[in-house]
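One structure below.
The values are calculated or read from the model by the stated rules, or taken from the named source; none is laboratory data. Please read all numbers here as calculations on a predicted model, not as lab measurements. Neighbour counts are summed over all protein chains in view; Cβ atoms, including those assigned to glycine, are modelled from backbone coordinates with ideal geometry.
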Amino acid sequence: MVLGALTWVLGVFDISLDKLSNGELWLAQVFRGLSDGATYASVALALVMIYKSTGFINFAQGSLALLGVYLVYVFSVEQGLPVALAVVCAMVASSAVAMFVERVFIRPFPPDHVLPLVIVTLGLLLIIDSAVGIVWGFRTRSLPSMFPSGAPIEWGIAQLTWRTIGNLGTVFAVVGLLYLLLSRTKVGLAFRAVSSNLESARLVGIRVGPTLGFGWALAAAIGTLGGALVVPDLLLEPSIMLRVLIFSLAAAALGGLDSMVGAVIGGLVVGLARNLLVTFLDLSELALATAVAVILVVLLVRPTGLFGSTRVERV
Amino acid sequence: MKAAVVAGSRQHRQRQVIGWVLFAVVVALIPFLIADTYSPTIFGNRYTVGLGNLSQAIALMVAILGLNIATGYSGQLSLGHSFFVGSGAYLSAVMVSEFHWSYLSTLGVVVPGLFLFGVIFGLPALRIQGLYLGLLTFAVAAVFPSIIRLENVANRTGGSNGLSIESDLEPPTWAPLDTVTEWLHAIPGVGSRVPDGLTGRQEEAVYKYFLLVIMAMVCFWLVRNILAGRVGRAFVAIRDNPLGAAASGVNLAAYKTLSFGISAAVGGVAGTMLAMHSGFVGPDEFGFSLAILLIVGLIVGGSGTLHGAVVGGLAIQYVPLWSSQTQTLPGTDVALEGPYGAAILGGLLIAITFALPGGAAHGFRRIKSRLMPVAPQPPGR
Amino acid sequence: MSAAYLEVAGLKAAYGDIQVLHGIDFSVDEGQIAVILGANGAGKTTTLRALCAMVSTEGSIKLAGEELAGQRTADIVRRGVAHVPQGRGTFPDLSVEENLMTGAFVRTDAKVRADVEQWYETFPVLGERRNQAAGSLSGGEQQMLAIARALMLRPSLLLLDEPSLGLAPMITRSLFEQLTAINAAAGTTMLVVEQNAALALGVADVAYVLEAGEVALSGPADELAADDNVRRAYLGY
Ligand SMILES: Nc1ncnc2c1ncn2[C@@H]1O[C@H](COP(=O)(O)OP(=O)(O)OP(=O)(O)O)[C@@H](O)[C@H]1O
Ligand SMILES: [Mg+2]
């Protein structure tokens, strides 16, 4: 009877046992999942940066990353810089934009009123996305990757490509550097103090505004890097970061919204889950829905995510 | 400054009645005035007002009205209202084109169905609040188009191609559209704007407009009555002071799910109206762009007010339309191109949040209370 | 008249439309300890916040002859004004040691490390818990941490808002002894808001009584301690 039920389930989802027992296919999807996951993790890190410091979700994070990726395109394809250098330039440029945005649109609002700020980030999303559409049009373009093509390690169809290795390596490097920056430097201390207690941060002489601006800049740089990792797999066009944003939100929620390590692990898990489910359950149209399901389940079962700290929400 | 009229006095009531009569006359005459795509030219750009656009704006007003219940009145940040609107639209569309129901009779399924749907949706909202709810609903909104494209349902929903609804909404023979047109045509001045007979298409458009107006009015009236009573007070209490509300015996769980239920049902009706209006439903029309657009409408019009929904509906219909029609920078011949509409809406959203937190409705009310002050009823009467 | 170290004149403060301070004057000489007494809601906390530009204010605040009004909080702190806010005001997510480091955020000298060690000696509990998150300390321990953090600035003016809140009576007494010791050793001028009036008047040089946002009484601490009204209202005998 158990066997009967199992066959029925397999039948409903159109799962073939051939696929399930194909080790190479598993491995191939694991690699791909890790590679995707690394990109979600970067954007999730950016979301977590803002959430930690300000207590709200920056819905314009994907749009800032979108802008950043177009800048990568400009610097690399149009200006002919090497891709890695173009990415660095784009990170710097998008940080500058983010600091400007924070100064002009965010700072005028009292930092402890979260709802208007969320609405403002939605407005920014509309503005930045359409600005990108106005400047670069809706034609799809292809963006080169920072990493060489090819795969150093292959098992049949399972390839551990340079890109996968590069994506993972980049994300771990970012987390490491971020950790050092936040725990070992003065500006990092200021950033964490502001996140922890805004009023006391003021009272010890920390300039709160510029510190939050720094957080925005850093988040935008990380988001741009994430975009530069993800886009070479897809084609560059103005709506590309929306899907990435949803997966990254799922990753951040899973990790706990205020945990950097959580964001990375969340990203990898979401990437893996997405690729495995899509392949083995034949759910290509439901890839996005799996992300939503992750968000829903996490928020219901464990609102603080896997690694988040319990914290009274400031809404 | 004019002397204040006392609320509830005969004079005040008279003024209200006159206001409503004027409003009704305008609403009744507008379709005839703009039936042949009224399009004034301002600074070298042609702008269409268009009866079709107005009808669509009316459907959007109802959508915002629905969002207003969950978000504006009971304070639960829902960024996924487009999901309900889309579900309503697709339910109606499939029932009309596949099973040959009439649009109005689909409401018999859409309203209870979406209410139930909203209640189910509201259940997680009991545990998930504020920003987290926003996050979840945002994701849900983004997922709607891919659900429509699912293979299992694509043969009914038309998948990516959308679904053209085969139904003819023709005015019944007794409708005196031609008589009214002729009659208006005879009025000097205004008359020249009115065609002296409506073509078949125009007749259909005018008829649809009236259907949508009536549906919208019924929705607004029902929602107004719901909100004016116990339920409405409970919603507002949940928004402003959840702990206090719970302490004074408001059943938070019941009212929160109820607000999502009503919100979704009204959203579903708006979906039906949109399907009626355009005779077509496509997956991407009900994606997260619509969700954000509705939030824009809510905030720009005025969250937590009924007038706000009207203003918001007009804003999200006409701002993108007119900005795409602004092909040269007003007064110059600098060419403009691209999705300015969304950028302008985004700017509007930020500007309103910044300068007029109550939205346009709040601004109007302030101006009105200046021009026509109404004093509260003195106590003890 | 020789100018006092802290000279406040016509200080008004408001939260939005709600006016809380209606023009108060007071002064503290260099090296003195001043205490502000007053009922709940009299505006004591608001006075301290006004000195740090944490509320919108009008009037003049002179520190060592320089006008502070109109300056931003961060710049006022750089002038050497440290503030222990009412309640805790610690950074719950930061470790004890990091909390102390934030206290010295605006300092650029090389003695910060040594000062941290010195406060660990003064408050051994903090030393034992140096790597623990401040949020996990007890209320009293957090209060010590908040005071030590403020002193990490090596302030010239220390503002203390109800430092005894949540502390055991024994600890409170030793805290005040330590404060007088610091005052004697480093010459730190202090402005203390305190509910334990007997204790505060015992260590203070001058005292001010606030009532509904105005200075109702002022004078040398020992004179006020002998005042009948003060005795009845704040000392309870
Ligand atoms: N953030 C605020 N917004 C509005 N009003 C405030 C705010 N903070 C304080 N008040 C008001 O200002 C007045 C003075 O408050 P304040 O905190 O200065 O009193 P206090 O003397 O420190 O009282 P306590 O002894 O209870 O600490 C009170 O009436 C209070 O309601
Ligand atoms: Mg106080």
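When each of A:209, A:226 is tested for being assigned to a helix (DSSP H, G or I) and touching a Lys or Arg at 6+ places or on another chain (Cβ under 6 Å), the lone residue that passes is A:209. Residue count for the range C:126-146, restricted to those that are touching a Gly at 6+ places or on another chain (Cβ under 6 Å) and either away from chain A (no Cβ under 14 Å) or outside any helix (DSSP H, G or I) (or both): 2.
Suppose the filter is more than 30 Å from residue C:27 (Cβ to Cβ), touching a residue at least 24 places away in the same chain (Cβ under 8 Å) and within 16 Å of ligand 2 (Cβ to nearest atom); does residue C:166 pass it? Explain how you work it out, then say what you get.
Values: more than 30 Å from residue C:27 (Cβ to Cβ): yes; touching a residue at least 24 places away in the same chain (Cβ under 8 Å): yes; within 16 Å of ligand 2 (Cβ to nearest atom): yes.
So residue C:166 fits the description; yes.
This table checks each residue for (1) surrounded by fewer than 20 Cβ atoms within 10 Å (Cβ to Cβ); (2) modelled with pLDDT of 85 or more.
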position	(1), (2)
C:185	yes, yes
C:213	no, yes
C:216	yes, yes
C:234	no, no
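Here C:221, C:185, C:146 are screened, and the one residue that is in contact with an Asp or Glu (Cβ under 7 Å, 6 or more places away or on another chain) and of a type in the set (Gly, Ala, Ser) is C:221.
Name the helices (runs of 4 or more DSSP H) wholly within the range C:19-125 that hold at least 2 residues that are more than 16 Å from ligand 2 (Cβ to nearest atom) and within 9 Å of chain A (Cβ to nearest Cβ)?
C:73-78, C:96-103
When residues in the range C:137-171 are screened for being more than 16 Å from ligand 1 (Cβ to nearest atom) and in contact with a Pro (Cβ under 8 Å, 6 or more places away or on another chain), 1 of them pass. One residue alone among C:25, C:29, C:75 is surrounded by fewer than 17 Cβ atoms within 10 Å (Cβ to Cβ), more than 11 Å from ligand 1 (Cβ to nearest atom) and under 17 Å from residue C:217 (Cα atoms), and that residue is C:25. The number of residues in the range A:121-171 that are more than 14 Å from chain B (Cβ to nearest Cβ) and within 21 Å of residue A:90 (Cα to Cα) comes to 16.
Every residue, every condition in (1) facing chain B (nearest Cβ under 9 Å); (2) farther than 18 Å from residue B:130 by Cβ; (3) crowded, with 18+ Cβ neighbours inside 10 Å; (4) among the small types (Gly, Ala, Ser), yes or no:
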| residue | (1), (2), (3), (4) |
| --- | --- |
| A:85 | no, yes, no, no |
| A:90 | no, yes, yes, yes |
| A:93 | no, yes, yes, yes |
| A:97 | no, yes, yes, no |
| A:100 | no, yes, no, no |
| A:105 | yes, yes, yes, no |
| A:108 | yes, yes, no, no |
| A:111 | no, no, yes, no |
| A:119 | yes, no, yes, no |
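For the range C:32-53, what are the residues that are closer than 22 Å to residue C:72 by Cα and either near ligand 1 (Cβ under 8 Å from one of its atoms) or touching an Asp or Glu at 6+ places or on another chain (Cβ under 7 Å) (or both)? Talk me through it step by step, then tell me what you get.
Looking only at the range C:32-53, we keep the residues that are closer than 22 Å to residue C:72 by Cα, and these are C:43-53.
Listed by number, the residues that qualify are C:43, C:44, C:45, C:46, C:47, C:48, C:49.
Taken over the range C:147-170, residues that are surrounded by fewer than 22 Cβ atoms within 10 Å (Cβ to Cβ) and either within 12 Å of chain A (Cβ to nearest Cβ) or more than 13 Å from the chain's Cα centre (by Cα) (or both) amount to 7.
The single condition from (1) more than 14 Å from every other protein chain (Cβ to nearest Cβ); (2) more than 16 Å from ligand 2 (Cβ to nearest atom); (3) part of a strand (DSSP E or B) that residue C:208 fails is (2). In the range A:71-83, what residues are part of a helix (DSSP H, G or I) and either surrounded by fewer than 24 Cβ atoms within 10 Å (Cβ to Cβ) or more than 19 Å from the chain's Cα centre (by Cα) (or both)? Passing the criteria: A:71, A:73, A:74, A:75, A:76, A:77, A:78, A:83. For residue C:8, the conditions (1) of a type in the set (A, V, I, L, M); (2) within 14 Å of ligand 1 (Cβ to nearest atom); (3) touching a residue at least 12 places away in the same chain (Cβ under 8 Å) all hold with the exception of (2).
Scan the range B:73-115 for residues that are part of a helix (DSSP H, G or I), over 21 Å from the mean Cα position of the chain (by Cα) and not polar (S, T, N, Q) and the total you get is 5.
Output yes when any residue across the range C:106-115 is more than 16 Å from ligand 1 (Cβ to nearest atom), within 28 Å of residue C:166 (Cα to Cα) and of a type in the set (Ser, Thr, Tyr), and no when none is.
No, that holds for no residue.
For the range A:185-197, the criterion of being at pLDDT below 90 and in a helix (DSSP H, G or I) is satisfied by at least one residue. Just one of the numbered conditions (1) among the β-branched types (Val, Ile, Thr); (2) surrounded by fewer than 22 Cβ atoms within 10 Å (Cβ to Cβ); (3) in contact (Cβ under 8 Å) with a residue 12 or more places away in the chain is not true of residue B:214; which one? Condition not satisfied by residue B:214: (3). Scanning the range C:169-190 for residues being in a loop (DSSP other than H, G, I, E, B) and either within 16 Å of ligand 2 (Cβ to nearest atom) or in contact with a strand residue (DSSP E or B) (Cβ under 7 Å, 6 or more places away or on another chain) (or both) gives a total of 1. Filtering the range A:111-130 for residues that are assigned to a loop (DSSP other than H, G, I, E, B) and either free of Cβ contacts under 8 Å to residues at least 24 places away in the same chain or farther than 30 Å from residue A:56 by Cα (or both) leaves a non-empty set. Is it the case that some residue within the range A:236-245 is crowded, with 21+ Cβ neighbours inside 10 Å, at the interface with another protein chain (Cβ under 9 Å from one of its Cβ atoms), farther than 22 Å from residue A:174 by Cα and among the hydrophobic types (A, V, I, L, M, F, W, C)? No, the range A:236-245 contains no residue that is crowded, with 21+ Cβ neighbours inside 10 Å, at the interface with another protein chain (Cβ under 9 Å from one of its Cβ atoms), farther than 22 Å from residue A:174 by Cα and among the hydrophobic types (A, V, I, L, M, F, W, C).
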